[in-house]
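*Asks:* Got a structure for you, questions after.
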Amino acid sequence: MSLLEVSHLSISFGKTTVVDDISFHINKGECVALIGSSGSGKSVTALSILKLVQNAHLSGSIKLNDDDLMPYTEEQMRQVRGRKIAMIFQEPMTSLNPLHRVGKQIQEVMKLHFGKAPINEVLHLLKQVGLKNPEIKMKAFPHELSGGERQRVMIAMALAGKPDLLIADEPTTALDVRIQKQILDLLKHLQKELNLSILFISHDQRVVSYMADRRYALKEGKIVPYSIPIQQIVSYRQPLEKAPFILSVKNVSVYYGKFQALADISFDVKEGETLGIVGESGSGKTTLAQALLRLLPSSGQINVNGQNWSELKGQALRAVRPDMGFIFQDPFSSLNPRFSIREIIEEGLRLHFPDLKSFARQRRVLEALQKVDLNKSILNRYPHELSGGQRQRVAFARALVLKPKILILDEATSAVDVETRDRLLALLKHLQETDKLTYLFITHDMQVIQQIANEVLVLKDGRIVEKGQIQTIFENPSQAYTQQLVEAALLEGKND
């Protein structure tokens with residue numbers, strides 16, 4: 001008998017059907033994946049199992065241990081949530097209470113379900129999820145923990161109710177590859193140790209192949225045949241032989257008080273090349289980007305086209321800022337929600353080129369839209385009216401409208417599904433070929449680096465561990481840390 005059996009489930013908001021007559025089941029101790037791109041219906045399906053979807057009409061049946069949850073009242077569902085079915089989310093910082101210590105938050109779950117919360121059981125849970133120094137960490141606030149530690153706390157909270165089924169909704173997407181593999185291995189261990197059933201939701205074929213015993217693919221709200229992606233032979237991008245250096249960084253260091261965040265960073269980048277900057281969270285990748293943009297005080301030299309940016313101040317610095325653009329990880333938080341798309345793209349032109357006539361600004365805006373393959377019909381729309389991929393293209397257009405020579409991309413594809421990510425990477429390659437753009441691509445995703453970089457810089461604890469050509473880094477890394485990053489990125493799947 002199945003632990004969970006979903007039959008002919010449909011979910012609609014008003015006249016719009018977002019999940020259409022889907023059926024699947026999960027056996028005891030089994031990990032089943034729902035895979036699909038953004039908007040396919042994965043998360044709303046998971047939330048509907050717990051009846052957490054508001055203002056929606058649900059039909060079909062959701063049976064837990066042969067008991068249909070559909071007719072359950074809100075009071076009855078409270079006995080199911082956390083106790084029989086628990087859920088962990090992609091970003092623990094939005095799920096953990098920032099005002100309470102993590103140990104207290106776990107205790108709250110235990111008190112809710114069992115009326116008591118002994119400290120020794122809290123410590124046991126934190127040890128079970130592999131949190132180091134649990135006696136100390138249980139007294140910490142969420143912001144005092146790393147991303148991987150917060151996700152372990154979320155898993156401990158989910159296990160506190162001793163559930164039969166754990167729903168994991170994109171639980172590793174926001175983590176670097178080493179921490180991602182640790183969390184995946186932890187879930188696999190808990191599945192075996194506790195005979196736990198897992199519904200694993202992801203858009204990442206690689207992660208699903210590593211985790212799942214069985215898989216269901218969702219597309220536009222319907223279950224479609226699951227197909228294993230064909231392994232493509234990697235064609236590494238070679239360094240450009242005769243291109244001049246456009247960026248030279250020498251002995252750049254950054255301090256936060258007495259703490260050294262970057263230590264003597266030096267590298268060169270050729271015009272038209274992509275330098276991949278990789279490393280786990282806290283390695284100094286974003287700090288390096290901010291230092292290059294002169295958004296943080298630093299020592300050393302930053303030469304762009306032979307000009308020492310480290311010496312520039314005031315108006316002289318503002319005059320050259322358009323030469324180096326920046327694209328953020330999450331376009332939704334970096335695009336002004338009160339501005340139309342036209343105003344967002346045009347804002348930089350108004351700031352840096354105040355003498356530019358209105359018709360010239362409009363021409364530059366339209367040119368930027370065309371480069372990123374967006375229709376001018378979106379100009380009067382707002383960020384919330386666009387998809388994640390469209391918003392990221394708007395972020396690209398906002399940077400490109402200033403005609404930069406160098407683009408720094410900080411985790412610019414990690415917030416989108418794999419299909420959208422690959423389209424954005426193809427767009428970046430095309431723009432590089434047509435406009436001779438130089439990229440500094442910051443990411444924790446080694447697979448992305450494998451596709452787009454000519455050379456790679458590996459950071460750890462604010463220092464360069466290794467640097468070299470992309471093929472050498474992947475096929476013959478000289479440092480153990482680099483080897484760990486590569487191995488973590490190339491997960492070996494089940495049943496393929």
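*Asks:* Between Ser478 and Glu108, what is the spin-label point distance in nm, taking each point 7 Å from the Cα along the Cα→C-beta axis?
*Replies:* Here the modelled spin labels are 5.1 nm apart.
*Asks:* Can you check what the net charge comes to around Ala156, using other residues whose Cβ is under 11 Å from the Cβ of Ala156 (Lys, Arg +1; Asp, Glu -1)?
*Replies:* Values: positive: Lys127, Lys137, Arg150, Arg152; negative: Glu121, Glu149.
Overall, the nearby charge balance is +2.
*Asks:* Taking K and R as +1 and D and E as -1, what net charge do the other residues with C-beta under 12 Å from the C-beta of Val224 add up to?
*Replies:* +1
*Asks:* 7 Å from Cα along Cα→Cβ at both Gln76 and Lys132: what's the point-to-point distance in nm?
*Replies:* 4.8
*Asks:* Any of Lys111/Lys188; Lys250/Lys429; Lys84/Lys192; Lys28/Lys219 with alpha carbons more than 23 Å apart? Name them for me.
*Replies:* Lys111/Lys188; Lys250/Lys429; Lys28/Lys219
*Asks:* Here's something else I'd like to know. Using +1 at the Cβ of each Lys and Arg and -1 at the Cβ of each Asp and Glu in the chain, identify which of Ser283, Ala316, Ala217 lies farthest towards the dipole's positive end.
*Replies:* Projecting each Cα onto the dipole axis, the largest value belongs to Ala316.
*Asks:* Sticking with the crude label model, points 7 Å out along Cα→Cβ, report the distance from His57 to Glu121 in nm, one decimal please.
*Replies:* 4.3
*Asks:* Taking only C-alpha pairs under 8 Å that are 6+ residues apart, what is the relative contact order of the chain in percent?
*Replies:* Relative CO of the chain lands at 17 percent.
*Asks:* May I pose another question? Which residues' amide hydrogens lie under 5 Å from the amide hydrogen of Ile408, considering only partners 5 or more residues apart or on another chain, with H built in the peptide plane?
*Replies:* Counting only residues 5 or more places away or on other chains, the set is Gly325, Phe326, Ile327, Leu440.
*Asks:* Report the full-extension gain for the segment Asp20 to Asn303: residue separation times 0.36 nm, less the Cα-Cα distance, to one decimal in nm.
*Replies:* Contour length minus the Cα-Cα distance gives 96.3 nm.
*Asks:* How many percent of DSSP beta bridges within the chain run antiparallel, rounded to 5?
*Replies:* 50
*Asks:* Here is a further query. Return the calculated 222 nm mean residue ellipticity for the chain, to the nearest 500 deg cm²/dmol, obtained by summing -39500 (n - 2.57) across DSSP H runs with n ≥ 4 and dividing by the residue count.
*Replies:* Details: 18 runs with 179 residues, N = 496.
Taken over the chain, the calculation gives -10500 deg cm²/dmol.
*Asks:* Could you give the length gained on full extension between Phe339 and Asn195, defined as 0.36 nm per residue of separation minus the Cα-Cα distance, in nm? Working shown, then result.
*Replies:* Values: separation 144, 0.36 × 144 = 51.84 nm, distance 5.06 nm.
Full extension from Phe339 to Asn195 adds 46.8 nm.
*Asks:* Using a 1.4 Å probe over the heavy atoms of the protein chains, calculate the carbon and sulfur portion of the accessible area of the chain as a whole percent. Before the final figure, lay out each step's value.
*Replies:* Numbers: 11430 of 23510 Å².
In the chain, the share of accessible area belonging to carbon and sulfur is 49 percent.
*Asks:* If the chain between Lys188 and Phe353 were fully stretched, how many nm would it gain, using 0.36 nm times the residue separation less the Cα-Cα distance?
*Replies:* 53.9 nm
*Asks:* Does the range 1-150 come out rounded, prolate or oblate by the C-alpha gyration tensor, with a ≥ b ≥ c the root eigenvalues, rounded set by a/c under 1.5 and, if not, prolate when a/b is larger than b/c and oblate if not?
*Replies:* Because a/c hits 1.5 or more and a/b exceeds b/c, the range 1-150 counts as prolate.
*Asks:* Beta carbons within 10 angstrom, averaged per residue: use that to sort the peptides 447-455, 63-71, 469-477, 96-104, highest first.
*Replies:* Working: 447-455: 22.3, 63-71: 13.8, 469-477: 17.9, 96-104: 16.1.
Ranked from most to least packed, the peptides come out as 447-455, 469-477, 96-104, 63-71.
*Asks:* How high is the relative contact order of the range 321-431, in percent, with contacts defined as C-alpha pairs under 8 Å that are six or more residues apart?
*Replies:* Numbers: 137 pairs, mean separation 50.8, N = 111.
After rounding, I find 46 percent.
*Asks:* How large is the charge dipole for the range 1-52, taken about the Cα centre, if only the Cβ atoms of Lys, Arg (+1) and Asp, Glu (-1) carry charge, to the nearest 20 debye?
*Replies:* That gives a dipole near 160 debye.
*Asks:* Further, regarding this structure: Under unit Cβ charges (Lys, Arg +1; Asp, Glu -1), what dipole magnitude, rounded to 20 debye, does the range 148-292 have relative to its Cα centre?
*Replies:* Roughly 180 debye, rounded to the nearest 20.
*Asks:* Assuming R0 = 35 Å, can you tell me the calculated FRET efficiency for the pair Lys250 and Asp435, based on Cβ-Cβ distance, to the nearest 0.05?
*Replies:* The value I calculate is 0.85.
The values are calculated or read from the model by the stated rules, or taken from the named source; none is laboratory data. All of these numbers come straight from a predicted model, not from anything done at the bench. We place every Cβ from the backbone using ideal geometry, glycine too, and count neighbours over all the protein chains shown. For accessibility, only protein heavy atoms count, side chains too; no ligands or nucleic acids. Shrake-Rupley method; radii C 1.70, N 1.55, O 1.52, S 1.80 Å.
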